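*Asks:* There's a structure below that I have some questions on.
The values are calculated or read from the model by the stated rules, or taken from the named source; none is laboratory data. What you are looking at is a predicted structure, and each value in this text was computed from that prediction instead of being measured. Positions of Cβ are generated from backbone atoms using ideal geometry, with glycine treated the same way; all protein chains shown enter the neighbour counts. The accessibility values were calculated without ligands, DNA or RNA, using every heavy atom of the protein model including side chains. Shrake-Rupley method; radii C 1.70, N 1.55, O 1.52, S 1.80 Å.
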Amino acid sequence: MDSRTEPENEGAAAIRRPPLVRELLLVGGLFLVYKLGRQLANGHTAEAYRNAHRVWGWERSLRLPGEGAVQSALLHGHTLVRAANLYYVAVHFTATAAFLVWLYLRRPGHYLWARRVLALVTGAALALHLTFPLAPPRMLDVAHLVDTGHVYGPTVYGAHPETDSMANQFAAMPSLHFGWALMVAIGLIVATRSRLRRLWLLHPLLTLVVIVGTANHYWLDAIVASALLAIALAVVRTPSPAPDGSPTAPRTVPAPRPAPAAQRAASSVSTPATRCSLELLPDAPAAGPSAAEGPGLVGAGR
């Protein structure tokens with residue numbers, strides 16, 4: 001059966017992409033503000049260690065599993081722990097950037113939603129970094145954890161956190177590694193229609209194992225990041241995906257079906273009733289004596 005496609009409400013379905021230059025400046029500016037803001041939290045060494053002892057005690061009160069159990073699993077082989085360090089260093093920004101680029105090119109409406117959610121989460125995280133500086137568990141003596149980045153490599157952190165000018169090592173809570181990874185998974189699940197799209201949740205799950213196993217974050221860092229993300233998702237309205245997952249989904253309209261041959265033949269056949277009605281019309285021309293008139297009728301007429 002033949003069919004044709006027509007765009008379904010092109011004005012509402014087709015969402016224009018925001019200007020690329022403006023988005024690059026906006027995202028780059030937000031990232032720069034975040035990095036500069038994190039630097040403002042440097043120098044609070046004593047407070048960061050006090051808060052670390054508080055968080056460690058809170059986790060024990062909540063009976064959360066020790067971070068050392070995850071790290072022990074990673075330390076079974078140098079290749080595994082180095083892979084975890086590489087994942088921590090390389091995947092965080094690249095996966096989030098690739099996620100935003102893909103949404104910008106393929107799902108403009110979802111891109112605006114994801115960018116706003118990430119901006120809210122990052123802004124809230126920056127405020128918490130400034131008000132609650134926190135030393136990671138790799139710096140906490142009572143945790144008895146290994147700084148896998150410095151021991152096995154690679155790492156992005158300096159050997160002396162107090163003088164590290166590249167990164168603020170006292171900004172453990174919340175974990176944006178986990179918060180951004182969870183948003184990437186949720187965004188791809190919402191914006192796509194694949195039956196296997198929930199497998200994207202493996203990304204934040206693996207990120208959680210990495211950030212805890214490398215002793216860069218506490219369990220509570222991931223929990224707080226999840227709470228901030230939930231608030232941001234509640235504030236920013238989630239767009240509805242198109243039926244096939246694309247912003248301009250076509251609607252298939254079936255072509256008109258031709259009448260069956262038997263129906264056309266039946267409409268062209270002249271029935272006795274129709275012939276009789278045509279003969280009784282007033283202006284119908286006389287066609288001579290009908291075969292139905294017998295001899296007696298003809299004689300009576302004379």
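*Asks:* Just the residues that are under 22 Å from the mean Cα position of the chain (by Cα), hydrophobic (A, V, I, L, M, F, W, C) and open to solvent by less than 10 Å² (accessible area, probe 1.4 Å), please, taken from the range 201-234.
*Replies:* Correct list: Ala222, Ala225, Leu229, Ala232.
*Asks:* Additional query: Would you call Ala124 open to solvent by less than 50 Å² (accessible area, probe 1.4 Å) and either free of Cβ contacts under 8 Å to residues at least 24 places away in the same chain or in contact with an Asp or Glu (Cβ under 7 Å, 6 or more places away or on another chain) (or both)?
*Replies:* The answer is no for Ala124.
*Asks:* Take Arg195 and decide whether it is out of contact with any Gly (no Cβ under 7 Å at 6 or more places or on another chain), free of Cβ contacts under 8 Å to residues at least 24 places away in the same chain, farther than 19 Å from Thr45 by Cβ and of a type in the set (D, E, K, R).
*Replies:* yes
*Asks:* Of the residues that make up the range 162-177, is at least one closer than 21 Å to Leu120 by Cα and of a type in the set (S, T, N, Q)?
*Replies:* Looking through the range 162-177, at least one residue is closer than 21 Å to Leu120 by Cα and of a type in the set (S, T, N, Q).
*Asks:* Would you please name the residue that is farthest from Leu26 (Cα to Cα), looking only at residues in the range 77-113 that are open to solvent by less than 10 Å² (accessible area, probe 1.4 Å), hydrophobic (A, V, I, L, M, F, W, C) and in contact with a Lys or Arg (Cβ under 9 Å, 6 or more places away or on another chain)?
*Replies:* Leu103
*Asks:* Follow-up. Enumerate the helices (runs of 4 or more DSSP H) found wholly within the range 170-238, keeping only those where 3 or more residues are over 26 Å from Arg106 (Cα atoms). Even if it seems obvious, please write down each step before you answer.
*Replies:* Values: elements: 176-191, 202-213, 219-235.
Passing ranges, in order: 202-213, 219-235.
*Asks:* Report, by residue number, each residue of the range 53-67 that is surrounded by fewer than 17 Cβ atoms within 10 Å (Cβ to Cβ) and either at positive phi or in a helix (DSSP H, G or I) (or both).
*Replies:* His53, Arg54, Gly57, Trp58, Arg60, Ser61, Arg63
*Asks:* Just to be sure before I move on: is Ala242 modelled with pLDDT under 85, among the hydrophobic types (A, V, I, L, M, F, W, C), surrounded by fewer than 17 Cβ atoms within 10 Å (Cβ to Cβ) and assigned to a loop (DSSP other than H, G, I, E, B) in the structure I sent?
*Replies:* It is false that Ala242 is modelled with pLDDT under 85, among the hydrophobic types (A, V, I, L, M, F, W, C), surrounded by fewer than 17 Cβ atoms within 10 Å (Cβ to Cβ) and assigned to a loop (DSSP other than H, G, I, E, B).
Residues checked against (1) small (Gly, Ala, Ser); (2) touching a helix residue (DSSP H, G or I) at 6+ places or on another chain (Cβ under 8 Å); (3) in contact (Cβ under 8 Å) with a residue 40 or more places away in the chain:
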site: His44; (1), (2), (3): no, no, yes
site: Arg54; (1), (2), (3): no, no, no
site: Trp58; (1), (2), (3): no, yes, yes
site: Ser61; (1), (2), (3): yes, no, no
site: Glu67; (1), (2), (3): no, yes, yes
site: His78; (1), (2), (3): no, yes, yes
site: Ala83; (1), (2), (3): yes, no, no
